[in-house]
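*Asks:* Following this message is one structure expressed as structure tokens.
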Amino acid sequence: MGGTGAAGTNGGAGGNAQGGAVYNLLVHTFGPSASISLSISNSVIAGNTAAGGNGGAPGAGGVGGSGGDGAGGGFFDSLNGSSGLVFLTINTCIVAGNQAEGGDGTIGGDGGNGYGGGLFIDAGATGTVQHSLVTRNEAEGGDAQAPGTPGQGIGGGVYNLGIFDLDAYSLIIGNLASTSNNNVFGPVTAI
């Protein structure tokens, strides 16, 4: 949660949350590009949440803080700005009932965004789903208090900014996003 502002100052922004269950991240490397690969098989990834923090209350005369973003309720796959390669493979799994939730804004603060209830694939990263079911996940934007703007919820099943490979034996169905793209946001490559 964001901190409370002193008199006449604004409340602090809520913190961001990433990877409710699995956080696959390439940390900064020195020298040649590095790579990281994570494979998960024969598993159920269910009931996890990446929830952004709520904005902090303002001091007298200030504006409340905005909510933080939540990304990847089940999985978060990212290069984190490093050069290299990041691979995530999900094989023969059920990814269900996970949530990416934006935090709430307070007294004039904006709501945070929720991206990828089941899976968040960041720019430059690769995610592959094979023989799996991605269902009943949710991406939900945080609430705002006037005059703030509510957060967006995008990609209830998958939010993809990188490379997303999906085989014909997998289903992404029955997910929910409060703003758009209930099942998948971003390009999908059939494999």
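Values quoted throughout were computed directly from the atomic coordinates according to the rules given, and no laboratory measurement underlies them. Since we're looking at a predicted model, the values are computed, not measured. When we count neighbours, we look across all protein chains shown, and the Cβ atoms used for this are built from the backbone with ideal geometry, even at glycine.
*Asks:* Provide the packing ranking of 10-23, 154-167, i.e. peptides ordered by the mean count of other C-beta atoms within 10 Å per residue, highest first. Before the final figure, lay out the partial values.
*Replies:* Working: 10-23: 22.0, 154-167: 24.0.
The peptides rank, most packed first, as 154-167, 10-23.
*Asks:* Can you tell me the dipole magnitude for the chain around its Cα centre, using point charges on the Cβ only (Lys, Arg +1; Asp, Glu -1), in Debye to the nearest 20? Don't skip to the end; give the middle numbers.
*Replies:* Details: 1 positive and 11 negative charges, 30 e Å.
The dipole magnitude comes to about 140 debye.
*Asks:* Follow-up question, since we're still on this one. Based on the mean of other beta carbon atoms within 10 Å per residue, what is the order of 179-187, 139-147, most packed first? Working shown, then result.
*Replies:* Details: 179-187: 18.4, 139-147: 22.7.
The peptides rank, most packed first, as 139-147, 179-187.
*Asks:* Arrange the peptides 59-70, 113-124, 82-93 so that the one whose residues have, on average, the most other Cβ atoms within 10 Å appears first.
*Replies:* Numbers: 59-70: 24.1, 113-124: 30.2, 82-93: 18.6.
Most protected by this proxy first, the peptides run 113-124, 59-70, 82-93.
*Asks:* How far is it, in nm, from the label point at Ser83 to the one at Asp167 when both lie 7 Å from their Cα along the line to the Cβ?
*Replies:* 3.4
*Asks:* Which parts of segment 34-62 would a label at Asn91 reach, counting a residue when its backbone N lies under 11 Å from a point 7 Å out along Cα-to-Cβ?
*Replies:* Flagged as within label range: 39-42.
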